[in-house]
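Down below is the structure, laid out as structure tokens.
The values are calculated or read from the model by the stated rules, or taken from the named source; none is laboratory data. Note that the structure is predicted; figures quoted are calculated from it, not measured. Backbone-built Cβ (ideal geometry, glycine too); neighbour counts: all protein chains shown. Protein only, heavy atoms only, side chains kept; ligands, DNA and RNA dropped before computing areas. Shrake-Rupley method; radii C 1.70, N 1.55, O 1.52, S 1.80 Å.
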Amino acid sequence: MQDKEQKNTQVEPSTPTVSEIMTSTASPKWTNLPTVSFKKTRRKTLGEILVDSSTITTEQLEEALKSQEESKQKLGEILIEKEYIGEEDVLKALAYQLDLPYYERLPINEIDPSLVDNIPIQFCRDNKILPVARDDFNVTVAVADPLNIFPLDDLRLILSTNINMIVASKSVIENSINRVYERSNDSSQKVIDELNVPEIGGEEDLEETRDLLESSNDEKPIIRLVHGLLARAVKERASDIHIEPYEHEIMVRFRIDGVLHDKMQIPRRHAGTIATRIKIMGKLNIAEKRVPQDGRIAIRVAGKDNDVRLSVLPVQFGERIVMRLLDKSGGSKRLDQMGMDPELFQKWGSLVEQKHGIILVTGPTGSGKTTMLYASLMHINTTDINILTIEDPVEYQLPGVGQIEVKEKIGLTFAAGLRSILRQDPDVIMIGEIRDSETAMIAIQSSMTGHLVFSTLHTNDTASTVTRLVDLGIQPFQVSSTVLGIAAVRLLRKLCPSCRESYEPSARELELIGVTKELLGPRKLYRAGPGCEACLGQSYRDRTGVYELMLLDDKIREALLKTQDSKYIKKVAISNGMKTLRESALTKVLAGITSLDEAIHNTQTEEMDDAH
């Protein structure tokens, strides 16, 4: 028998093709299964195969068999519960015992979506089963439990053909189900062609908990088009969907990692029916087309809950619609997931643990201000602290935090809500945004009476935030005595690690980074690659934060009381060791996380200031 260490040596698997899967089912072929050498005088038990081909010992197997006699559970389940072995090891051994091929990957892009046309997605999810290939006589089906034969009987009836089995893990099959059904429903152009039929739209309501991948061909084209747009946006990790009517067409654009991309053109005549359908989903007034309306839609795509913030705005050629997608299943980020370097993380962590004062986060719309505040609140959220927030709107529900949503139509403004919050005995208050002098003054007074106040302002950097507060009517001495620190934040797109390209930087690029070729040494700089499947051809995937943190120490307070010139205050802060947004961004460039172009583009204000 081969040495156990040798048996467990595996090569990174390659994704098989559909034709290879069909061949392997006709003549079973093993992928990534440790070789087991023995004479097949009898069929070996699952336990014997596991001892021969995995890391479990005979003693562990005997212990599991004793547990099986008492609990009547499956042997594999017991071994997994005891953490002696993983799910994949059990599946490989079971597949070997049953003479079935085991695959660690499935050829998702090659699977014909028409295979699932008549199969409900929930049937596949519940049974962890998916048709992956077909020939003239058979359909090959991937299963996570080859002993569960009843779903296969149902598939034989649905597909009216013979069934061959291959084995794959639950996670592989679940991911493949979502991807194949996405492709099955992604027939936008076909739906647009069908929109030539008059009187579409419908006014039926949408079940909030229904998965949009379950849309059937029987639904009206407009419904399938809207569902398809939402499902596609979630698949491509879009944060916003823009539906913009113009004179001759409707443009559909997705914002992905902060950048807008054209996705589709729809004939102009369908603008009204699309707007009507989306309004129905958002429970808005479909008869009102003269004034802006805001709403919310709860959807589920690929088993994940998403919250959609809906804004409808009358424009020249119809109603402009923007839908912002929030993945509720992911929740808010933790502070250690915000991309801060260790020094900044320590400083910010100490700052948010203070007992009273004001902490401000600044930056343009969509720069990550609210996400940073949420992460900070959860960092200090304990049972002995009463945290209340007032936001417009509430983006994520924070456990253990009282959250109020601004409703200006009924007089619940930031200022009005803040007065009521103070009567709720809070320790920490979060104000979504300081927009006017009244809110700013109440925030100042709250911090003076023993509250820790978090809020945001729309300014370009930390120093100009001080000037903005003075413009809102706050006296310089009030700012210097209450504000503890100000953080400016930007989001940079991260290079796709699968297709990024290393290159030799020019002298000008090295000058921008502030290093010489000698100091750069063996480190590589990276730029955007050609795009790949991992990043959906975008060359970038996800975003990371860059920060500028100004702590109001004695020197900055003294400078503030002398003058409100933001450039002078910034020079004092830099002399005190503050790292600017540009410097923080260039650190990410040197680490290979982002490109130099991305860093410079998102810190243009820094470049302009440096030029002066």
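Computed quantities for the displayed model
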| quantity | calculated |
| --- | --- |
| Some residue of the range 394-413 being of a type in the set (S, T, N, Q), closer than 12 Å to Ile358 by Cα and free of Cβ contacts under 8 Å to residues at least 24 places away in the same chain | no |
| Condition met for Ile173 (at pLDDT 85 or above, open to solvent by less than 10 Å² (accessible area, probe 1.4 Å) and either at negative phi or not in a strand (DSSP E or B) (or both)) | yes |
| In the range 35-67, the residues that are at pLDDT below 70 and either in a helix (DSSP H, G or I) or surrounded by fewer than 12 Cβ atoms within 10 Å (Cβ to Cβ) (or both) | Thr35, Ser37, Phe38, Lys39, Lys40, Thr41, Arg42, Arg43, Ser53 |
| Residue within the range 366-376 that is closer than 30 Å to Leu412 by Cα, in contact with a His (Cβ under 7 Å, 6 or more places away or on another chain) and of a type in the set (A, V, I, L, M) present | no |
| Candidate set from the range 300-310 (those that are touching a Leu at 6+ places or on another chain (Cβ under 8 Å) and under 22 Å from Ser176 (Cβ atoms)); member that is modelled with the lowest pLDDT | Ala302 |
| Residue in the range 572-582 that is touching a residue at least 60 places away in the same chain (Cβ under 8 Å), surrounded by 14 or more Cβ atoms within 10 Å (Cβ to Cβ) and in a helix (DSSP H, G or I) present | yes |
| Any hit, the range 528-536, residues being out of contact with any His (no Cβ under 6 Å at 6 or more places or on another chain), of a type outside the set (Gly, Ala, Ser), modelled with pLDDT of 90 or more and open to solvent by 50 Å² or more (accessible area, probe 1.4 Å) | no |
| Single condition Arg490 does not satisfy, out of (1) open to solvent by 30 Å² or more (accessible area, probe 1.4 Å); (2) at pLDDT 90 or above | (1) |
| Meets criteria (under 27 Å from Met338 (Cβ atoms) and outside any loop (DSSP other than H, G, I, E, B)) for Leu491 | yes |
| Only listed residue being within 25 Å of Gly363 (Cα to Cα), polar (S, T, N, Q) and in a loop (DSSP other than H, G, I, E, B), chosen from Thr594, Thr587 | Thr594 |
| Residue check for Tyr503: touching a Lys or Arg at 6+ places or on another chain (Cβ under 9 Å), over 30 Å from Ala573 (Cα atoms) and not small (Gly, Ala, Ser) | yes |
| Unmet requirement for Ile404, which otherwise passes all of (1) at pLDDT below 90; (2) open to solvent by 40 Å² or more (accessible area, probe 1.4 Å); (3) hydrophobic (A, V, I, L, M, F, W, C) | (1) |
| Qualifying residue in the range 415-422 (condition: surrounded by fewer than 20 Cβ atoms within 10 Å (Cβ to Cβ) and either in contact with a Pro (Cβ under 8 Å, 6 or more places away or on another chain) or under 30 Å from Leu536 (Cα atoms) (or both)) | no |
| Unique match (being in contact with a Leu (Cβ under 7 Å, 6 or more places away or on another chain) and within 18 Å of Thr15 (Cα to Cα)) among Ala142, Ala133 | Ala142 |
| Exclusive hit being open to solvent by less than 10 Å² (accessible area, probe 1.4 Å) and not in a helix (DSSP H, G or I), set Leu130, Leu155 | Leu130 |
| Hits in the range 360-376 (condition: of a type outside the set (Ser, Thr, Tyr) and more than 20 Å from the chain's Cα centre (by Cα)) | Leu360, Val361, Gly363, Pro364 |
| Qualifying positions in the range 537-564 - surrounded by fewer than 17 Cβ atoms within 10 Å (Cβ to Cβ) and under 24 Å from the mean Cα position of the chain (by Cα) | Gly537, Asp542 |
| Only one of Ser502, Ser498 that is polar (S, T, N, Q), open to solvent by 80 Å² or more (accessible area, probe 1.4 Å), modelled with pLDDT of 85 or more and not in a helix (DSSP H, G or I) | Ser498 |
| So Thr439, is it within 25 Å of Arg557 (Cβ to Cβ) and either surrounded by fewer than 24 Cβ atoms within 10 Å (Cβ to Cβ) or of a type in the set (A, V, I, L, M, F, W, C) (or both) | yes |
| Strands (runs of 3 or more DSSP E) contained in the range 238-319 and holding at least 2 residues in contact with a helix residue (DSSP H, G or I) (Cβ under 8 Å, 6 or more places away or on another chain), open to solvent by less than 40 Å² (accessible area, probe 1.4 Å) and β-branched (Val, Ile, Thr) | 238-245, 249-256, 293-301, 304-315 |
| Any hit, the range 161-170, residues being in a helix (DSSP H, G or I), modelled with pLDDT of 55 or more and under 30 Å from Asp89 (Cβ atoms) | yes |
| Residue check for Thr459: open to solvent by 10 Å² or more (accessible area, probe 1.4 Å), touching a helix residue (DSSP H, G or I) at 6+ places or on another chain (Cβ under 9 Å), of a type in the set (S, T, N, Q) and closer than 30 Å to Leu422 by Cα | yes |
| Residues located in the range 373-421, provided they are among the aliphatic types (A, V, I, L, M) and closer than 19 Å to Gly349 by Cβ | Leu373, Ala375, Leu377, Met378, Ile380, Ile385, Ile387, Leu398, Val401 |
| Residue count for the range 345-397, restricted to those that are in a loop (DSSP other than H, G, I, E, B) and either crowded, with 18+ Cβ neighbours inside 10 Å or not polar (S, T, N, Q) (or both) | 15 |
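Rundown of residues vs (1) basic (Lys, Arg); (2) without any contact (Cβ under 8 Å) to a residue 12 or more places away in the chain, yes/no style:
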| position | (1), (2) |
| --- | --- |
| Asp262 | no, yes |
| Pro267 | no, no |
| His270 | no, no |
| Lys283 | yes, no |
| Ile297 | no, no |
| Thr371 | no, no |
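Yes/no matrix, rows are residues, columns are (1) buried (at least 20 other Cβ atoms within 10 Å of the Cβ); (2) farther than 20 Å from Pro146 by Cβ:
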{"position": "Ser71", "(1), (2)": "no, yes"}
{"position": "Asp89", "(1), (2)": "yes, no"}
{"position": "Ala95", "(1), (2)": "yes, no"}
{"position": "Asp99", "(1), (2)": "no, no"}
{"position": "Tyr103", "(1), (2)": "yes, no"}
{"position": "Ile108", "(1), (2)": "no, yes"}
{"position": "Ile121", "(1), (2)": "yes, yes"}
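Residues checked against (1) touching a strand residue (DSSP E or B) at 6+ places or on another chain (Cβ under 9 Å); (2) at pLDDT below 85:
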site	(1), (2)
Ile358	yes, no
Thr362	yes, no
Thr365	no, yes
Gly368	yes, no
Thr382	no, no
Thr389	yes, no
Pro393	yes, yes
Tyr396	yes, yes
Arg419	no, no
